[in-house]
1. Please express the shape of the stretch 17-113 as an equivalent ellipsoid: the semi-axes are the square roots of 5 times the eigenvalues of the C-alpha gyration tensor, given largest first in whole angstrom.
2. Where does the charge balance sit around ALA81 when Lys and Arg score +1, Asp and Glu -1, over other residues with C-beta under 12 Å from its C-beta?
3. For the pair GLN47 and GLU94, what calculated FRET efficiency results from E = 1/(1 + (r/R0)^6), where r is the Cβ-Cβ distance and R0 = 25 Å, to the nearest 0.05?
4. Would you list, by chain and number, the lysines whose Cα falls below 24 Å from the Cα of LYS78, excluding same-chain residues fewer than 8 positions away?
5. For n ≥ 4 DSSP H runs only, could you compute -39500 (n - 2.57) per run for the chain, divide by its residues and tell me the 222 nm figure to the nearest 500?
6. I'd like the Karplus ³J(HN,Hα) series for the stretch 67-77: coefficients 6.51, -1.76, 1.60, θ = phi - 60°, whole numbers in Hz, and an x wherever there's a Gly or Pro.
7. Name the residue from VAL92, VAL52, PHE72 whose Cα lies farthest towards the positive end of the charge dipole of the chain, charges +1 on Cβ of Lys and Arg and -1 on Cβ of Asp and Glu.
8. With θ taken as phi - 60° and the coefficients 6.51, -1.76 and 1.60, list the Karplus ³J(HN,Hα) couplings across the stretch 53-62 in order, rounded to whole Hz; mark glycine and proline as x.
Amino acid sequence: MGSSPTSGTQVIHTLTPMGQRLLQRKLTQASGRLRELREELRVVEDQKSQLVDDADELSLRALVSETPGADFEYREAKKHADAIVRHHASVVAEIAELENRINELLDRMKESRS
């Protein structure tokens, strides 16, 4: 079997000054977006709490009153609560992806300075 010139050795990549600036810019942008997402998550968590509580209350009211109007109100509130729960999960997932991306960028910066 053939072997490459780097077989058994570790290749160290160094970034050019331009590559370093590009990496820093990407890191700055990702950090800014992460701050925005964390603030959005705080707002969404408050909204989620309120909407889920409202849907639960309307569910009880619909059971007790047994009227079509109360049932309709509950279904509408439940749709909104379900939508905000999905949005919350989406924001949490995006934060996790962004944190991974930031970690990758930091690792690349660290490797380039070694």
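Just so you know, all these numbers are worked out from the coordinates, no wet-lab data involved. Since this is a predicted model, take the numbers as computed values, not measurements. Here Cβ is always computed from backbone atoms with ideal geometry, including for glycine, and neighbour counts include all displayed protein chains.
1. On the way: eigenvalues 417, 16, 14 Å².
Ellipsoid semi-axes (Å, largest first): 46, 9, 8.
2. -1
3. 0.90
4. LYS48
5. On the way: 2 runs with 95 residues, N = 114.
Computed ellipticity for the chain at 222 nm equals -31000 deg cm²/dmol.
6. My calculation for the stretch 67-77 gives 10, x, x, 5, 5, 4, 4, 5, 4, 5, 5 Hz in order.
7. VAL92
8. For the stretch 53-62, the Karplus-derived couplings read 4, 4, 5, 5, 5, 5, 5, 4, 4, 5 Hz, x marking Gly and Pro.
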